[in-house]
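Here's the structure we're looking at; comments come further down.
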Amino acid sequence: MTTSATSATSSGGATQQPAARSGPHPATVPIVLVGVFLSGLDFFIVNVAIPAIQADLHASEAQIQLIVATYALMCGVGMITGGRLGDLFGRRRLFVIAMVSFTLTSTACGLALNTGSLLAFRMAQGAAAALMAPQVLAIFSTVYTGAARARAINWYGAISGFAAVFGQLIGGLLIKLDAFGLGWRACFLINLPIGLVAAVLALKYVPESKAPGRPKLDLIGMALVTTALIALCLPLIEGRQQGWPDWAWTLLIASVPLFAVFALRQNKLRASGGSPSVDLTLFKERAFTAGLVAQLTFFASMASYFLVLALYLQKGRLLDPLDSGVVFAALGVGYIITSMTARKVAAKLGPQTIAVGCVIRLVALVLQIWAVSNIGVTGSVGWLVPGLFLDGAGMGLAIAPLASTVLTRVSPHNAGSASSVLTTGLQVGNGLGVALIGLVFYNVLGSNPGTGDYSDAFRACLYYVLAITVLLGLVVQALPKNPAGATK
């Protein structure tokens, strides 16, 4: 069953639109999911291109780290603001603006002539992604209801993981093909035709929706939450690489009162009939709060795991980006198989589908630990394939229904707030995971590593991922057994 966002909110004063009354077009979901895929892909694909970028632009290690980190930082700190702007000015409008901006900044990255310009364009690209990503879940939560809504949000989870799992392979293929001599630049320029087509089609096939009534822009609240997120995310992204200096700990500590002041302001605005940037009553719903913690926990083990796996394959086993990407494909095959069927499994098992995914991942991680321990630096990486395949299968069962589990009880009125908080949790989880696994990996690796040391460091990280997976399985037990909106 589907319904329009505007009809769902018309009681609050939203303008009726003919296109929305007839229901969303079948192309709505795939068009909007392009934004999910591109923003996720560009988070991971740059890891493959780092050696080529460094050689071509003569970038230092610190500059390369910033090129990677600034995208993640801008994504993390801008999600809540991006979601609120969509509530106020129209989610389709903001999606199209963000998609065009993301496409143009991606093109600028691909044409950058030096490290400084690439860094600036990379920051702008991250800001565009932060504007685009929250609109996707908000559109799904307002345009669809019932089974159609659950199905659309399931696809969101599946495509998010698909971009992460296959980012390595796609990047390796683009660099290996070296079409028109573009090399690493193709990793950015590939977004140009895809993004422009998606933006044009979104104008025609994606219904418009806004928050009901006439909400006002809470500039003070947006400034507070942005500052708080910078204070939290910047140390997580850059702290380990700089040896956890005093400024990193100072910012982490400062983030706590900043979030507290933001929460007080949001409650005050809501009590006085104002327009809070985030409706904190969301956190009274157990499905949302526990699901948000589950989301953060899962991504604290996903992006970080992909990072150390890539380092192990390319520096410990001396594989080139394409060969490394082919190994990642084992993950991708398992992921595709289960993510496509996860909704049907979730209809029977509910949130315990995520727990089943965790159990499969635990078996997969044990297999990988065994393989890394026995193949050394000369044995075939093929011994990793069974564990990687199972790991991808476990991820597919866990990630595909996760967003749907979080959002099933959220009303269209709170769609923007819920979506922006959820996507912010994803980015914070990524940053936290990379910070934690970095401590493990580089402490084991040492200051002058050989290829064998990468095996030891990767194996230690697998134990970290195993522990996080156990934690996720426990968090899932706090979710309602039959969340609203579940389909059978």
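Charges at C-beta only: +1 for Lys and Arg, -1 for Asp and Glu. How large is the resulting dipole of the chain about its Cα centre, in Debye rounded to 20?
Numbers: 30 positive and 16 negative charges, 374 e Å.
With only Lys, Arg, Asp and Glu charged at Cβ, the dipole is about 1800 debye.
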Which net charge results for the neighbourhood of I159, defined as the other residues with beta-carbon distances under 15 angstrom from its beta-carbon, given Lys and Arg at +1 and Asp and Glu at -1?
+1
Principal-axis tilt of helix 191-205 within the chain, Cα atoms, nearest 10 degrees:
20 degrees
Packing rank of 71-77, 130-136, where each peptide gets the mean count of other beta carbons within 10 Å, highest leading:
130-136, 71-77
Projected area, mean over directions - the chain, Cα convex hull, nm²:
21.0 nm²
Global form of region 219-276, assessed from the alpha-carbon gyration tensor, a/c cut-off 1.5:
prolate
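Which order do peptides 161-174, 144-157 fall in by mean Cβ count within 10 Å, highest first? Show your work: numbers first, answer last.
On the way: 161-174: 24.1, 144-157: 21.7.
Answer by packing, highest mean first, reads 161-174, 144-157.
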Cut-off is 10 Å between beta-carbons; in what order do S324, S420 appear when sorted fewest neighbours first?
S324, S420
In a shell of Cβ-Cβ distance under 9 Å around E208, excluding E208 itself, what net charge do Lys and Arg (+1) and Asp and Glu (-1) give?
+4
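Can you tell me, using C-alpha contacts under 8 Å and at least 6 residues apart, the relative contact order of the chain as a whole percent? Intermediate values should be presented prior to the final figure.
Details: 904 pairs, mean separation 112.0, N = 488.
After rounding, I find 23 percent.
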Proximal charge balance of Y312 [Cβ under 11 Å; K/R count +1, D/E count -1]:
+1
Classified through the alpha carbon gyration tensor (a ≥ b ≥ c as square roots of its eigenvalues; rounded if a/c is under 1.5, else prolate when a/b is larger than b/c, else oblate), region 176-225 comes out oblate
How tilted is helix 91-111 with respect to the longest principal axis of the chain? Cα atoms for both, answer in degrees (0 to 90, nearest 10).
30 degrees
Nearest 10 degrees is fine. How inclined is helix 321-339 to the longest principal axis of the chain, computing both from alpha carbons?
40 degrees
Taking alpha-carbon centroids only, region 34-112 lies from region 286-307 a number of Å equal to 21 Å
Output ordering of 213-221, 394-402 (per-residue mean of other Cβ within 10 Å, highest first) is 394-402, 213-221
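Computed from the coordinates by the stated procedures, all read-outs in this text should not be read as laboratory data. Predicted, not measured: the structure shown is a model, and the values here were computed from it. Counting neighbours? That spans all protein chains shown, and the Cβs are built from the backbone with ideal geometry, glycine included.
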